[in-house]
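Here the structure is laid out as structure tokens; the discussion comes afterwards.
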Amino acid sequence: QVQLVESGGGLVQAGDSLRLSCVASGQIFGTYGMAWFRQVPGKEREFVAGITWRAGTPYYLDSVKARFTISRDMFKRTVLLQMNSLKPEDTAVYYCAADTRRHVDDPVHTTQEAYDFWGQGTQVTVSS
């Protein structure tokens, strides 16, 4: 079982930066995929960025590729999301998720159904 705790959200102005952190506890295998999703009221939860735990291979939604960077610190058991040049449309609750069922050669999954453990979420609000 994996437990995930997010932090780092807040209220910022357009153009500012935030770094979200997700601290994982429990057993983590190298094949796991880790990801950040976001959700606003009335809309489906949206994939933002993902990374494989062992190799650190990243994947991004096209709309954030130029602005966001996902990384993981294996020693600290932490997944990070560096968000630069934030826009009002980035406003959402951001969730950390773990895909414990991923196989070694699978790509990073982009659907929420593929992830079986979730954090509680952290609010990001970007004002204009």
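The values are calculated or read from the model by the stated rules, or taken from the named source; none is laboratory data. Please read these numbers as outputs of a predicted model, since none were measured by experiment. Note that each Cβ is placed from the backbone with ideal geometry, even for glycine, and that neighbours are counted across all protein chains shown. Note: areas computed on protein heavy atoms with side chains; ligands, DNA, RNA excluded. Shrake-Rupley method; radii C 1.70, N 1.55, O 1.52, S 1.80 Å.
What are the residues in segment 65-80 that are under 12 Å from the mean Cα position of the chain (by Cα) and modelled with pLDDT under 95, if any? Step through it out loud before you land on a result.
Residues of segment 65-80 under 12 Å from the mean Cα position of the chain (by Cα): 68-72, 78-80.
Passing the criteria: none in range.
Looking at segment 72-90, I want the residues that are in contact (Cβ under 8 Å) with a residue 40 or more places away in the chain and have a partner that is among the charged types (D, E, K, R) with Cβ atoms under 6 Å, at least 6 apart or on another chain. Which pairs are those? These pairs meet every condition: V79/R72; Q82/R19; N84/R67; S85/R67; L86/D16. Selection of strands (runs of 3 or more DSSP E) fully inside segment 36-128 by the criterion of at least 2 residues being open to solvent by less than 50 Å² (accessible area, probe 1.4 Å) returns 46-52, 68-73, 78-83, 92-99, 122-127. I'm trying to understand the selection: among the residues of segment 102-128, which are under 21 Å from M83 (Cβ atoms) and touching a helix residue (DSSP H, G or I) at 6+ places or on another chain (Cβ under 8 Å)? Listed by number, the residues that qualify are V124, V126, S127, S128.
Can you say whether F29 is part of a loop (DSSP other than H, G, I, E, B), more than 21 Å from W118 (Cβ to Cβ) and either in contact (Cβ under 8 Å) with a residue 60 or more places away in the chain or open to solvent by 70 Å² or more (accessible area, probe 1.4 Å) (or both), as far as the supplied structure shows? No: the conditions fail for F29.
Is it the case, given these coordinates, that V23 is buried (at least 16 other Cβ atoms within 10 Å of the Cβ) and assigned to a strand (DSSP E or B)? Criteria met by V23.
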